[in-house]
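First the structure, in the form of structure tokens, and then the observations on it.
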Amino acid sequence: MTQGLGWTADPAAALEWQHWGEAHFAFDARSGQTHFLNEIAAAVLAVLATHTLTQAALYEAMLARYEVDDDTQLLTGIVDTLRVLDRLGLIQRVAS
């Protein structure tokens, strides 16, 4: 198996979660910030909290989670979500 760079939730980000319907809020005690996350962002963080995945593997996991076939809008949403979560320090790149 070839190793590459994957994504994982930053273990130092001990997030405190609140969910109201489709709204997801995560409080990051390190920064003192509360983040409002959409369903995709919350799902990505949930998966990356227990798995280290490449972008392609994460996309496949989200396709399976939402029971859809190839979906370019979902892929674009995941790419954008990874960029934002990385900028916020909630995920990190690691060898997968």
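Criterion first (out of contact with any Phe, Trp or Tyr (no Cβ under 9 Å at 6 or more places or on another chain), farther than 27 Å from residue 71 by Cβ, crowded, with 18+ Cβ neighbours inside 10 Å and of a type in the set (Gly, Ala, Ser)) does residue 9 satisfy it? Spelling it out, it is not the case that residue 9 is out of contact with any Phe, Trp or Tyr (no Cβ under 9 Å at 6 or more places or on another chain), farther than 27 Å from residue 71 by Cβ, crowded, with 18+ Cβ neighbours inside 10 Å and of a type in the set (Gly, Ala, Ser). Only one entry of 22, 67, 39 meets the criterion of being over 11 Å from residue 7 (Cβ atoms), in contact (Cβ under 8 Å) with a residue 12 or more places away in the chain and either polar (S, T, N, Q) or exposed (fewer than 12 other Cβ atoms within 10 Å of the Cβ) (or both), and that entry is 22. Just one residue in the set 39, 16 is under 13 Å from the mean Cα position of the chain (by Cα), acidic (Asp, Glu) and at negative phi; that residue is 39.
A quick yes/no check of all residues on (1) modelled with pLDDT of 95 or more; (2) touching a strand residue (DSSP E or B) at 6+ places or on another chain (Cβ under 8 Å):
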residue: 8; (1), (2): yes, yes
residue: 12; (1), (2): no, no
residue: 23; (1), (2): no, yes
residue: 28; (1), (2): no, yes
residue: 65; (1), (2): no, no
residue: 70; (1), (2): no, no
residue: 80; (1), (2): yes, no
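The values are calculated or read from the model by the stated rules, or taken from the named source; none is laboratory data. Keep in mind that this is a model prediction, so the values were computed, not measured. Every residue, glycine among them, receives a Cβ derived from its backbone with ideal geometry; neighbour counts consider all protein chains shown.
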